[in-house]
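Asker: First the structure, then my questions, so here it is.
The values are calculated or read from the model by the stated rules, or taken from the named source; none is laboratory data. All values derive from a computational prediction rather than experimental measurement. Note: ideal-geometry Cβ built from the backbone for every residue, glycine included; neighbour counts use all protein chains shown. The protein model used for the area step is the full one, side chains on, heavy atoms only, and it has no ligands, DNA or RNA in it. Shrake-Rupley method; radii C 1.70, N 1.55, O 1.52, S 1.80 Å.
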Amino acid sequence: MKDTVTLTGMVLVSSPVKDYDKRIEILTRERGRIPAFANGARKPNSPVSACTVPFTFGSFQVYEGRESYTLKSGAIDNYFGSLAEDYDSLCYASYFTEVARYLTREGIRADNELMLLYITFRALQAGIVPPRLIRRIFELRFMSLQGEAPGISACIRCGSKDAYNVYMAEGGLICQECTGKMPGLKGHHPLTLGHDARYALQYIVSSPFNKLYSFNVSQQVMEEIDRFMKIYLARYLPHSFNSAKFIPEIK
């Protein structure tokens, strides 16, 4: 009989297979994103049915196979069921899990990625921070975990911290004066980034997880962050997420 392994994680997606089974993907702390089959999960009174619902967070006991895992049992710590009851929250949650599926890999520990996903769902469920800001925080911090944190504290060429009109290039911000000396970059991804917006972006990249969703911004700063993130993601994450189509701000 195969030994079981206990993994901590969150169900990202679930789909039916055969007559009564389900295939799920779990983002785990210990082994990154893994596929698992839950035999009989669609049968009435199945003991593993509740553990196969998307957004379920807890511990999962699985058998390790050659190419996938088999779910034996699970202990749910947080279901986040209320998110599925609100259409907008469901769209955001689905987007977050799709991003996590795309940016994580099987067999590679995902301690920080799982923690970020979990606290993001907590913030979305709490309803204190606007979903629009939650999305941008999640995107920037997740990309930073992948080694794609942009240089935003100062111009990456001259170190100036005073410029408001900047350009996104070469992995960070380049001030207008330096860009003027680089004809090939002038006019390439120009944006206005005030002090408050720049500080918010720095905070997102560097703050501890327990403080990440502890602030809000003005409408003007939110628009500056939106503009920055659209340019940043277009440059460093050129991928189209299907769930983004259902969130107006992401289009």
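Asker: Quick one: is Val99 open to solvent by less than 60 Å² (accessible area, probe 1.4 Å), at pLDDT 95 or above, under 17 Å from Leu27 (Cβ atoms) and not in a helix (DSSP H, G or I)?
Answerer: no
Asker: Does Ser94 meet the test of being of a type in the set (Ser, Thr, Tyr) and either without any contact (Cβ under 8 Å) to a residue 24 or more places away in the chain or closer than 16 Å to Val11 by Cβ (or both)?
Answerer: On the way: of a type in the set (Ser, Thr, Tyr): yes; either without any contact (Cβ under 8 Å) to a residue 24 or more places away in the chain or closer than 16 Å to Val11 by Cβ (or both): yes.
Against the criterion (of a type in the set (Ser, Thr, Tyr) and either without any contact (Cβ under 8 Å) to a residue 24 or more places away in the chain or closer than 16 Å to Val11 by Cβ (or both)), Ser94 qualifies.
Asker: Could you please let me know if Tyr232 is at pLDDT below 90, assigned to a helix (DSSP H, G or I), in contact with a strand residue (DSSP E or B) (Cβ under 7 Å, 6 or more places away or on another chain) and surrounded by 18 or more Cβ atoms within 10 Å (Cβ to Cβ)? I'd like the intermediate steps shown before the answer.
Answerer: Details: at pLDDT below 90: yes; assigned to a helix (DSSP H, G or I): yes; in contact with a strand residue (DSSP E or B) (Cβ under 7 Å, 6 or more places away or on another chain): yes; surrounded by 18 or more Cβ atoms within 10 Å (Cβ to Cβ): yes.
Judged against the criteria, Tyr232 is a match.
Asker: Identify all residues within segment 235-247 that are assigned to a loop (DSSP other than H, G, I, E, B) and touching a residue at least 60 places away in the same chain (Cβ under 8 Å); write none if there are none.
Answerer: Of the residues in segment 235-247, the ones assigned to a loop (DSSP other than H, G, I, E, B) are 237-241, 247.
Result: Leu237, His239, Phe241, Ile247.
Asker: Okay, moving on. Tell me whether segment 61-72 contains one or more residues that are closer than 17 Å to Val13 by Cβ, in contact with a Leu (Cβ under 8 Å, 6 or more places away or on another chain), at pLDDT 95 or above and not polar (S, T, N, Q).
Answerer: yes
Asker: Considering only segment 66-98, state which residues are closer than 15 Å to Ile34 by Cα and among the hydrophobic types (A, V, I, L, M, F, W, C).
Answerer: Answer for segment 66-98, where residues must be closer than 15 Å to Ile34 by Cα and among the hydrophobic types (A, V, I, L, M, F, W, C): just Leu71.
Asker: Could you give me the residue pairs with C-beta distances under 8 Å whose first residue belongs to segment 104-122 and is within 27 Å of Gly65 (Cβ to Cβ) and in contact (Cβ under 8 Å) with a residue 12 or more places away in the chain, whose second residue is of a type in the set (Gly, Ala, Ser) and in a loop (DSSP other than H, G, I, E, B) wherever it lies, and which are 6+ apart or on separate chains?
Answerer: Matching pairs, first to second residue: Thr104/Ala110.
Asker: Could we say that Val11 is open to solvent by less than 10 Å² (accessible area, probe 1.4 Å), within 29 Å of Ser240 (Cα to Cα) and in a strand (DSSP E or B) here? Talk me through it step by step, then tell me what you get.
Answerer: Numbers: open to solvent by less than 10 Å² (accessible area, probe 1.4 Å): yes; within 29 Å of Ser240 (Cα to Cα): yes; in a strand (DSSP E or B): yes.
Yes; evaluated as a whole, the condition is true for this residue.
Asker: So which pairs qualify, if the first residue must be in segment 137-164 and without any contact (Cβ under 8 Å) to a residue 40 or more places away in the chain and open to solvent by 20 Å² or more (accessible area, probe 1.4 Å), the second must be in a loop (DSSP other than H, G, I, E, B) and of a type in the set (D, E, K, R), the Cβ gap must be under 9 Å, and the two must be at least 6 apart or on different chains?
Answerer: What qualifies is Gly151/Glu170; Ile156/Glu170; Arg157/Glu170; Arg157/Lys181.
Asker: Now a separate question. Could you say which residue among Pro35, Pro44, Pro16 is open to solvent by 40 Å² or more (accessible area, probe 1.4 Å), touching a strand residue (DSSP E or B) at 6+ places or on another chain (Cβ under 7 Å) and more than 21 Å from Arg141 (Cβ to Cβ)?
Answerer: Working: Pro35 fails: open to solvent by 40 Å² or more (accessible area, probe 1.4 Å); Pro44 fails: touching a strand residue (DSSP E or B) at 6+ places or on another chain (Cβ under 7 Å).
Just a single option satisfies the conditions, and that option is Pro16.
Asker: Out of all the residues in segment 189-229, which are under 19 Å from Pro131 (Cα atoms), open to solvent by less than 20 Å² (accessible area, probe 1.4 Å) and either hydrophobic (A, V, I, L, M, F, W, C) or in contact with a strand residue (DSSP E or B) (Cβ under 7 Å, 6 or more places away or on another chain) (or both)?
Answerer: Within segment 189-229, Ala197, Ala200, Leu201, Ile204, Leu212, Val221, Met222, Ile225, Phe228, Met229 qualify.
Asker: Given the conditions (1) modelled with pLDDT of 95 or more; (2) of a type in the set (A, V, I, L, M, F, W, C); (3) in a helix (DSSP H, G or I); (4) farther than 18 Å from Asn112 by Cβ, and given that Ile204 satisfies all but one, which numbered condition is not satisfied?
Answerer: Single failed check for Ile204: (4).
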